[in-house]
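Here the structure comes first, spelled out in structure tokens, and everything after it is commentary.
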There are 2 protein chains.
Amino acid sequence: MRTLIKRALSSDSSLDTITIKGWVRTRRDSKEFSFLEMNDGSCLANIQCVADAGIPGYEDIAKMTTGAAVGITGKLVESPGKGQKWEIHATSVELIGEAPADYPLQKKGHTPEFLRSIAHLRPRANLYGAVFRMRSRMAQAVHRFFAERDFNYVHTPIITDSDCEGAGEMFRVTTLDPAKAEAQQFENDFFEKPTYLTVSGQLEGEAFATALSNIYTFGPTFRAENSNTTRHASEFWMIEPEMAFCDLQGDMDLAEEFTKYLVDDALNNSEGDLDIFARFVDKGLLERLKFVSEKPFQRVSYTEAVEILEKSGKKFDYKVEWGVNLQSEHERYLTEEHFKCPVTVYNYPKSVKPFYMRTNEPDEKGRETVTAMDVLVPGIGEIIGGAQREERMDVLQANMAAHNLSEEDYGWYLDLRKYGSCPHAGFGMGFERMLMFVTGMKNIRDVIPFARTPGSCEF
Amino acid sequence: MRTLIKRALSSDSSLDTITIKGWVRTRRDSKEFSFLEMNDGSCLANIQCVADAGIPGYEDIAKMTTGAAVGITGKLVESPGKGQKWEIHATSVELIGEAPADYPLQKKGHTPEFLRSIAHLRPRANLYGAVFRMRSRMAQAVHRFFAERDFNYVHTPIITDSDCEGAGEMFRVTTLDPAKAEAQQFENDFFEKPTYLTVSGQLEGEAFATALSNIYTFGPTFRAENSNTTRHASEFWMIEPEMAFCDLQGDMDLAEEFTKYLVDDALNNSEGDLDIFARFVDKGLLERLKFVSEKPFQRVSYTEAVEILEKSGKKFDYKVEWGVNLQSEHERYLTEEHFKCPVTVYNYPKSVKPFYMRTNEPDEKGRETVTAMDVLVPGIGEIIGGAQREERMDVLQANMAAHNLSEEDYGWYLDLRKYGSCPHAGFGMGFERMLMFVTGMKNIRDVIPFARTPGSCEF
């Protein structure tokens with residue numbers, strides 16, 4: 001029976017016999033014995049194994065090079081070395097799979113670009129193993145958070161016939177042969193109409209929230225935007241909770257609680273993975289995570305935020321004035337310099353937001369806002385965007401008309417307001433955005449197992 | 001502060017004040033008071049509320065019809081009625097959103113076909129609320145099962161440039177305008193090559209298993225098959241664990257443990273939802289679930305299974321002989337009639353299985369098998385299919401050649417055998433198949449929030 005190295009390293013006591021299986025990170029030989037640093041991906045740490053010359057399997061020791069798969073059976077004993085509690089004194093070793101001399105991860109110091117080109121081997125590198133364990137941990141924490149709060153997980157559809165907010169650049173899904181003229185005839189397509197990859201599960205999530213009360217989605221979403229930045233991918237995962245009988249306050253409460261929960265989970269349970277990020281990726285990481293964990297979130301209206309920015313005396317690349325969307329530099333000024341804490345900005349100008357957000361009473365100057373809210377954290381800016389939804393049929397219809405959306409296409413969405421309508425609210429968190437925040441990784445391509453970006457769909 | 005009805009009904013004690021918000025299921029009026037049966041989707045059960053004439057909000061009572069959104073504040077007191085522990089004596093009621101007379105869910109007894117046509121309202125029906133709460137519970141149980149066993153969750157890509165097993169019917173993903181001639185030129189497409197929706201995350205999962213040891217995927221997969229059956233959907237969710245240093249035995253162990261875990265979770269924690277399935281959908285449901293929960297799984301080789309079927313004296317629609325794939329009728333005979341317990345069949349003929357399964361030594365008759373395994377349960381047949389993978393480079397290359405797969409396309413997959421190759425194994429469970437098993441629902445369209453099938457992509 002094989003023991004994961006993570007379990008071996010956290011053993012309560014020495015063990016007379018243990019078997020680990022994994023991959024050689026390094027090996028050092030002397031005349032009488034060899035030291036093998038073994039890793040099986042269950043945690044960042046290696047376990048050191050001492051193999052005396054002459055034990056069964058030792059005849060293959062020269063082939064147990066970096067990257068080779070090896071099994072080791074022996075005693076788990078206290079390690080005299082520093083930084084490790086346990087090591088294994090092998091009674092036998094087994095070469096399971098060799099790694100020839102051209103194994104690309106033999107040497108350290110590869111560029112992220114090179115490692116992206118070997119994404120199938122990349123998780124064997126210490127840093128990327130840590131990234132993808134953190135990705136798993138955060139995803140499991142998302143489900144735990146919502147399960148603990150009686151939220152139902154809903155799988156909203158990936159293939160859709162609507163383009164949601166009219167957001168624009170979507171991928172088309174088809175079975176038509178593009179080389180044939182029939183490709184023009186959507187009635188010949190698989191779904192007998194044009195279909196696309198979803199950009200958001202929110203609207204369908206609203207249908208389920210107005211039946212089950214509290215729901216969330218967690219699934220892949222897509223953008224066919226031709227933008228090659230470090231923050232955009234064509235395929236990414238999004239978390240979208242939606243709550244019936246909930247207003248903007250309740251929405252902001254949940255968003256802040258959720259953000260802190262994920263950050264705390266990363267801080268409390270990362271089993272060493274955070275160390276590698278803090279040491280090699282981002283020296284300020286732990287400080288920034290603790291900042292979000294410990295500081296209360298400041299809430300400020302958009303109007304107040306604009307006043308603060310205008311009075312700041314700071315020179316921004318993008319000019320601030322009431323009516324424009326906040327840019328990342330503005331968001332970061334608010335959280336990093338002005339408030340020095342995480343900030344939730346609410347009540348944005350109606351003109352810059354989608355049709356489904358709830359319209360507020362005009363302010364004293366007659367300006368129209370909607371119940372949008374964004375959660376801002378240091379180093380990243382917006383990590384969550386949400387809103388209370390428009391539950392009033394007549395106001396929603398007017399908003400749709402203003403956005404040139406047909407009531408026929410959205411008949412089912414209007415039904416949610418026709419039958420037992422209620423105030424409801426939700427938000428979206430880009431999962432990769434959150435991962436970049438908790439790992440410090442600077443390029444979204446480096447937190448996705450196999451990233452899809454314009455011109456790039458490998459593996 | 002609103003309390004979910006699920007929480008109110010499981011209260012330890014009476015409460016002086018409580019507020020619930022939800023939708024009216026039924027209302028009965030007398031001269032002095034009204035009874036409202038309220039449901040908020042948090043559980044199957046309604047809570048009964050008694051509202052005396054004249055309390056604040058009572059003037060709207062006539063508008064509190066089936067489907068209307070209503071808030072009720074009052075005392076939580078012991079109910080004299082049978083079948084319910086608690087009821088609410090209202091001190092005020094609030095009409096939140098009316099439901100006009102054409103609300104489609106007023107009457108019971110709609111056909112599944114009609115309810116599919118209102119999939120956005122369907123989760124408000126008792127049966128479908130229960131189905132989608134069960135879907136959520138099972139999905140959360142999937143993550144808990146793997147988290148408890150140190151498996152890392154991997155998001156394998158949805159958009160892919162490979163067609164996996166050459167399985168055939170895939171959806172194409174494109175940003176080309178089908179009405180233009182350029183559509184033929186893949187180098188002009190978004191990813192500069194033809195791309196598709198994934199049919200399985202297994203191959204990418206293998207890359208992560210050979211780095212992190214134990215991983216699983218849980219995400220949407222797609223088939224563009226033009227088959228309109230009760231068991232096929234074009235978009236469905238699949239769970240695919242993969243384990244390094246694991247053989248067929250370990251794979252079967254995990255598959256059986258996983259199946260029992262999900263069934264037990266449904267049996268132990270369904271908060272009344274199972275009742276509605278057992279009463280209205282499938283009278284034999286509980287018996288069948290207990291059967292899987294309690295009985296050990298029988299393991300039988302394909303060769304033995306064929307002998308049993310041949311000797312059964314049973315007349316099957318599809319003839320059984322060594323070398324053919326087992327049909328559903330054969331699978332059900334084995335589990336329901338012959339063994340009377342769940343059955344795992346292993347070592348299938350090589351000719352009927354994909355290229356990546358591990359080739360066994362030929363048997364005494366020289367017949368070639370691979371380390372495939374299927375888990376069979378009563379009423380459904382196959383619920384899991386898996387295999388130990390071929391880890392030997394030369395054998396894998398020969399299998400690929402026999403399947404006309406190019407080594408260039410699968411270079412990265414071969415790398416996993418070139419560098420530190422190890423025995424590894426995994427399986428796939430169709431999530432909807434499992435849901436049909438635990439709910440008794442007979443049509444896959446009725447366990448998917450918004451089902452996608454040939455010619456049908458609504459909402």
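Structure notes:
- Each principal axis of the Cα cloud of the stretch A:32-168 was evaluated for its coordinate range; sorted largest first, these ranges are 70, 38, 26 Å.
- Residue-by-residue Karplus 3J(HN,Hα) for the stretch B:56-69, coefficients 6.51, -1.76, 1.60, Hz, glycine and proline x: x, x, 5, 4, 8, 4, 5, 8, 8, 8, 3, x, 5, 8
- Extended-chain gain in nm, criterion 0.36 nm per residue less alpha-carbon gap, A:E287 and A:Q249: 10.9 nm
- Note on chain B: dipole from Cβ charges, positive end direction compared against B:A8, B:I55, B:A45; the farthest Cα belongs to B:I55.
- Net lengthening on full extension, B:T230/B:K85 (0.36 nm per residue, minus Cα-Cα): 48.2 nm
- For the stretch A:5-97, the share of accessible area belonging to carbon and sulfur comes to 50 percent (1.4 Å probe, ligands and nucleic acids excluded).
- Given +1 at the Cβ of Lys and Arg, -1 at the Cβ of Asp and Glu and no other charges, the dipole of the protein assembly as shown around its Cα centre is 1300 debye to the nearest 20.
- Taken residue by residue and averaged, Cβ atoms of other chains lying within 10 Å of the Cβ of A:419-427 number 6.
- Multiplying each eigenvalue of the alpha-carbon gyration tensor of the protein assembly as shown by 5 and taking the square root yields semi-axes of 46, 35, 29 Å, largest first, rounded to whole angstroms.
- Along the axis of the charge dipole computed for the protein assembly as shown (Cβ charges of +1 for Lys and Arg, -1 for Asp and Glu, origin at the Cα centre), the listed residues B:F114, B:Y103, B:L274 are led at the positive end by B:L274.
- Per-residue mean of C-beta atoms belonging to partner chains within 10 Å, peptide A:120-133: 4
- If you sort B:W412, A:W86 by accessible surface, 1.4 Å probe, largest first, the order is B:W412, A:W86.
- Electrostatic dipole magnitude of chain A [Cβ: Lys, Arg +1; Asp, Glu -1; Cα centre; debye, to 20]: 1840
- Average beta carbon contacts from partner chains per residue of B:195-203, 10 Å cutoff: 2
- Karplus 3J(HN,Hα) series, Hz, for the stretch B:297-313 with 6.51 cos²θ - 1.76 cosθ + 1.60 (x for Gly, Pro): 7, 8, 9, 9, 6, 3, 4, 5, 4, 5, 4, 4, 5, 5, 7, 5, x
- For the stretch A:333-459: rounded, prolate or oblate by the Cα gyration tensor [a/c cutoff 1.5]: oblate
- Added length on full extension, which subtracts the Cα-Cα distance from 0.36 nm per residue, B:K31 to B:E78: 14.6 nm
- Computed [θ] at 222 nm, deg cm²/dmol, the protein assembly as shown (DSSP H ≥ 4; -39,500 (n - 2.57); rounded to nearest 500): -8000 deg cm²/dmol
- The Cα center of the stretch B:1-73 and the Cα center of the stretch B:85-145 differ in position by 15 Å.
- Mean shadow area of chain A over all directions, Cα convex hull, nm²: 27.5
- Among B:170-177, B:314-321, the order from most to least packed when residues are scored by Cβ within 10 Å on average: B:170-177, B:314-321
- Rolling a 1.4 Å probe over the protein heavy atoms leaves A:K365 with an accessible area of roughly 140 Å².
- Farthest toward positive dipole pole in the stretch B:122-446 [+1 Lys/Arg, -1 Asp/Glu at C-beta], among B:Y261, B:N347, B:A398: B:Y261
- If only the Cβ of Lys and Arg carry +1 and only the Cβ of Asp and Glu carry -1, the dipole of the stretch B:99-238 around its Cα centre is close to 1260 debye.
- Kirkwood Rh, angstrom, the stretch B:250-304 [1 / mean 1/r, Cα pairs]: 12.6
- Inter-label distance, A:K108 to B:S301: 5.0 nm, where each label sits 7 Å from its Cα along the C-beta direction.
- Taking 7 Å steps out from each Cα toward its Cβ at A:D16 and B:N269 produces label points 3.9 nm apart.
- Accessible surface of B:M243, taken over heavy atoms with a 1.4 Å probe and every protein chain present, rounds to 20 Å².
- Convex hull volume per residue in cubic angstrom - Cα atoms of the stretch B:5-97: 86
- When the convex hull of its Cα atoms is viewed from all sides, the stretch B:85-138 shows a mean projected area of 6.2 nm².
- Here the 3J(HN,Hα) profile of the stretch A:232-245, calculated from phi with Karplus coefficients 6.51, -1.76 and 1.60 at θ = phi - 60°, is 10, 10, 7, 9, 8, 9, 10, 10, 9, x, 8, 10, 6, 6 Hz, Gly and Pro shown as x.
The values are calculated or read from the model by the stated rules, or taken from the named source; none is laboratory data. Not measured: the values here are computed from a predicted model. Note: ideal-geometry Cβ built from the backbone for every residue, glycine included; neighbour counts use all protein chains shown. Please note that ligands, DNA and RNA were not included when accessible areas were found on the heavy atoms of the full protein model with its side chains. Shrake-Rupley method; radii C 1.70, N 1.55, O 1.52, S 1.80 Å.
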